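What follows is one structure encoded as structure tokens, with my remarks underneath.
Read-outs: derived from the displayed coordinates by stated rules, not from any lab. Keep in mind that this is a model prediction, so the values were computed, not measured. Positions of Cβ are generated from backbone atoms using ideal geometry, with glycine treated the same way; all protein chains shown enter the neighbour counts.
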């Protein structure tokens, strides 16, 4: 990525950061994404479930399969179920930190016009076990002023929209606005450079509630069945992964191991980039900290792989999600991981035809090695038993 392209890429992420959303309340990021696609003259539409699908056709006819890059627009938060003046009752939606359920945490309700109404959570007496996600995890919220709205209303953590802090980018909802921004930046670049690949950019709803947007879309068969699906996520740092060492080629998540055939699209892209930039950093790991949309598409027979940005303060938990003594803080990723990830996506979109360039050393075994391996045939039957 050139220095000229970096500001625009970060601009997209910053502007998306000012579009808060929770599961089922994705109007702000949806609006920004649709406006950006329209301004770039990229074909796009919304399906029956509100997912946004962008499409760039190849510059010439191709026999290669399409590739879809998928990210979700929502983030864990709360949904108000009852309001009385400045007080409200809300339920957690998605994996919010347990700390936010048991001790005061600053939040804001989001009005339909985008107005943010600040307040503070208080523990709800009916939430006996705040770590039990199979039950309603309730909180009371005391707002600074009457909110004048009717339930349901989305509520988000009152954290910074976007901050560039030395080598780190901090946001309230990096997961998964970073994935959305990376895909948007990729699509903009491809409209300028052209692509020999049939490319989709997919922005889904209600992932944090249960992969709902992706599951419904995969079940509907919106993408051609031979599409290679690349999940683009922000995933918790785990042992073996370090921020600043590049984006992660994700071999699986907490539920599924992904496809080696699909992964070759990313492997080919890395090889192509390193021909120009020998020091290009990338990691490869089974990111088992959560389940991503690749698993939803895999369930319906799609070939899937993934790219992940190593994420700090996953789901805004400064220690871990179940820790009641933790705190709530902005999520963060390394700037070079994000920019490198965008470059990886762009190259992957151009490298589908190269995915069959496999390592030659894994092919035929040399004759002299074969002969040495035939040593076993010279043994007697008695020797072979030992």
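For the range 171-227 and the range 257-276, compute the distance between their C-alpha centroids and round to whole Å.
18
With the contact rule set at Cα under 8 Å and sequence spacing of 6 or more, what percent relative contact order holds for the range 77-157?
42
Sort 303, 231, 135 by Cβ crowding within 10 Å, fewest neighbours at the top.
The most exposed by this proxy come first: 135, 303, 231.
Given contacts defined as C-alpha pairs under 8 Å and at least six residues apart, what's the relative contact order of the chain, whole-number percent?
21
Nearest 10 degrees, 0 to 90: what angle lies between the long axis of helix 260-276 and the longest principal axis of the chain (Cα atoms)?
Rounded to the nearest ten degrees, it is 80.
Taking 7 Å along the Cα-to-C-beta vector as the label spot, tell me the residue 135-residue 151 distance in nanometres, rounded to one decimal.
1.8
Over the range 98-237, calculate the relative contact order: mean separation of alpha carbon pairs under 8 Å at least 6 apart, over the residue count, as a percent.
17
Between 0 and 90 degrees, rounded to the nearest ten: what's the tilt of helix 335-350 against the longest Cα principal axis of the chain?
Once rounded, one gets 60 degrees.
Quick check on the chain: helices-only [θ] at 222 nm, where DSSP H runs of length 4 and up contribute -39,500 (n - 2.57) each and the sum goes over total residues. Nearest 500, please.
-8500 deg cm²/dmol
Kindly state, to the nearest 0.05, the FRET efficiency for residue 191 paired with residue 225, given R0 = 25 Å and r defined as their beta-carbon distance.
0.45
When you take every Cα atom in the chain, what is the radius of gyration, and what is Dmax, the widest Cα pair distance, in Å?
Looking at the chain, its Cα Rg and Dmax stand at 23.3, 90 Å.
Expressed as an acute angle from 0 to 90° and rounded to the nearest 10, what is the orientation of the C-alpha long axis of helix 174-193 relative to the principal long axis of the chain?
It works out to around 60 degrees.
In whole Å, how far is the Cα centre of the range 6-64 from that of the range 68-86?
Between the Cα centres of the range 6-64 and the range 68-86 lies a distance of 19 Å.
Have a look at the DSSP beta bridges in the chain and tell me what percent are antiparallel, nearest 5.
Bridges in the chain that DSSP calls antiparallel: roughly 70 percent.
Can you put 83, 33 in order, fewest other beta carbons within 10 Å first?
In increasing order of surrounding Cβ atoms, one gets 83, 33.
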